[in-house]
Amino acid sequence: MELLGLLKLLFIVVVLGLTASSLIGYSSRRRRSKKALAEVREQGGVIRRLSEAEQQALPPVHDPAKPKRPLALESDDVFLLEGAYSRHGIESNGTSTWHDIIGGVEVFLPYDADLFLAEHNRAEVVFAGKMAVVVGLNQEFDLLSAVERDQRRNTADQQWQDGARGALQDVFVDSDDDPDRDKEKDEEEAARKRRVDIYSQRDETVAEIEARRGRGVGLLPGLLLTFAFIGLGIATARTSVLAMSLWSGAAVLLTVWALWLFWRRWRPGPPRKVNTVAGTLNLTPLLFDEANSRVTVAASLGDKLVFSLPEHWRPHVSYEDGQRLEMDLRVDDYSVVNYNRQLSLDEEIRRFPPAYWGRHLTMALVAGVALVVALLLSRAPWADLMLAWNAVSGSSYVEAREASDLLAAPPGLGSMVDLAGSGRCQVRASMGDWQYPRVHCDWIRWGGDTSALPRVEIDELTAGLFSDEVVKTRRDPYVEMMVKLYGRDPGQAPLVVSNPEELIELVENACGSRQQHACAYLRDTIVEHLRVALPERPSDWRTLREEVAGYDGEKPLQAVIGRSQLSLVKRRLRAVGQERAEQAVPDLGREIHENEKGGVLVHMIGDPGLTPASMTDIQLWRRFVELTTPGSAEPFSAKGMVVHRGEDESGAPILVVDVTRQLDWPWRSLLLSFWILLCAVLLPVHIWLAVQQYRARRRREADLARLHGWA
């Protein structure tokens, strides 16, 4: 977590650093532009005045950084500005701001002035605010001709939109003094190359609409189906009927909506306009790849229409500059639907309908992921399906109050059972290791032969070590007074031990010559804290034991011990007893388990309350005593679904009952069953359809290649 937090902090610092760097660079470039503008104003001279016609032709001037605020001309003085062209800007919140620069000064390029930019530019400018407005550029652009071109461009655009028959309006018209006219050998040939004729306008055909729109890859149905599965997942986690109903209802509606969107009949939608045009193909070189000796060109019809071919036509169409072409172009994007009466999208779609395998792949992926999630949420999918079937079919519980009823008519897998009677909890190894046996009350042996069970008892030594009366004590006012007189802590009130001989004998019998830690600690604790009424205080266990055993005084032997020391001695005694129990319990547990026979073994799963409680070894030993006592059977009930059947080592039938699956609450299983079945239907269907459609697409590509002679 600390590493993740450090990475997040580092990412934020990097982003903030890059943002600050961009802002600083952007501000620095704008400051340099303003400084360069001031130098032009101070050092440059006025070359002429802006005419009244030019002032009227000048469009509104705006600062790119503040596009809603128009700028006013400072004067009609025209200055000369020379230099290279560059561009810089900044992006923020999805919007971008760009600034045009000539000679280091930010300029405003009206109309189509950007078409006349060169590597080195000579511009005539006037000043508006902190910008220079270009009114002339490279002796090719001026405001009056730009206005005329703009008007012709609007006329041509309107003619194109309307599909008016005739030659498409020229935007760029050569003037009489245009030097390029001298380079043309034939004026009519040049005009023919520029000319584009509109023959007619029509609507797209249904096939052309399908070629443009396609059927998509099923993202919307897939997204809705994903939301439906999320709703089902939330519904399965609800414990309220109302909440579960709302979420599951929403999931069903989303599922129906997704399937309807996917399988509904395709509608072509409104057609777009298509113009039939003819003109001369012009190829304009753009890039030259020296390594491969390849030239990248831009193809246009005349000097007006830059068209685009369908993707699958491009590798097979060869261009020839000056070639006369007739094409059908969409009005809005100049995309080709019919190329020179040789290639036709309408014919291709009608003869060889497209195959959309991606849509089915999307649905298959969604169904596959959802199926995996459903299987993870369901502990046993088949059990959920069986419970759903039992609930829908109106099945009832199979009741049994005696083990003989089950033996006579054992319930099958998936049956709903209601068992009640008296049975015995079972002793089983923990994780298969009998070194750690446990008493499982989620395993009940119902009936069976108990005669072979051993009669387990706790031996006297072990019982004595855990007995509360193992050290018999009493208060003595005289001893307590002596403690106070000597200034001892009254909280360490002494107690008189009346059975030191029995205590020492018990420890000796329990430990003998063993040197385990528990026995060693116990002996040392008694020697240190037990004050036996002997002439001399023993220094070790052997001396203490011998002197106590050889005591022949007239009065009973007594000892004194503090309260806290008494608690410590008892803990040491129980530790020794725990060691003895730890050695005995594994063998006892195995013996009990091996002698359990007959009856019916019922294993209840799903209820956390049936998890075996953690016990110490002495607690287990005492529990073994209870289990092997005649008449130790206890009432039990198991109501749920039979999810497994088998036999134990003695041949007794085993029934595994999932008590969480109830007929009065089948909703989670119903939802999971619907989820799993829906995915189980969608997944193979769409995988099969995706494969079929993919093969159909490959066949279509081969058919198109044969149709056009590309094969």
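Values quoted throughout were computed directly from the atomic coordinates according to the rules given, and no laboratory measurement underlies them. As the structure is a computational prediction, the values presented were derived from the model and not from experiment. Don't worry about glycine lacking a Cβ; one is built from the backbone with ideal geometry, like all the others, and counts go over all protein chains shown.
The table below lists the values:
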| quantity | calculated |
| --- | --- |
| Cleavage-rule hits (GluC sites (Glu not before Pro)) in region 276-383: DSSP loop, at most 11 neighbouring Cβ within 10 angstrom | Glu290, Glu311, Glu320 |
| Reachable lysines, given that their alpha-carbon falls under 19 Å from the alpha-carbon of Lys570 and they are not under 8 places away in the same chain | Lys472 |
| Identified option (computed volume of the Cα convex hull per residue in Å³; candidates (1) 201; (2) 251; (3) 386) | (3) |
| In degrees, nearest ten, helix 219-236 long axis to first principal axis of the chain (Cα) | 20 degrees |
| Eligible lysines near Lys304 by straight Cα distance, threshold 26 Å, same-chain separation 8 or greater | Lys183, Lys185, Lys193, Lys273 |
| Candidates per trypsin sites (Lys or Arg not before Pro) in region 185-218, loop by DSSP, up to 14 other Cβ within 10 Å | Lys185, Arg215 |
| Cα-based Rg / Dmax (Å) for region 13-61 | 18.4, 55 |
| Cα long-axis angle, helix 517-529 against the chain (0 to 90 degrees, to the nearest 10) | 60 degrees |
| Region 253-367: Rg to Rh, with Rh as the Kirkwood radius over Cα pairs | 1.12 |
| Inter-part distance where region 187-248 and region 105-155 are each reduced to a Cα centre, Å | 42 Å |
| Helix 500-511 axis, angle to the chain major axis (alpha carbon atoms, nearest 10°) | 60 degrees |
| Cleavage-rule hits, GluC sites (Glu not before Pro), region 575-674, DSSP coil, Cβ neighbours within 10 Å at most 13 | Glu649 |
| Mean projected area in nm² (Cα convex hull; one quarter of hull surface) for region 460-585 | 8.2 nm² |
| Overall dimensions of region 33-148 as given by Cα atoms, namely Rg and Dmax in Å | 13.6, 43 |
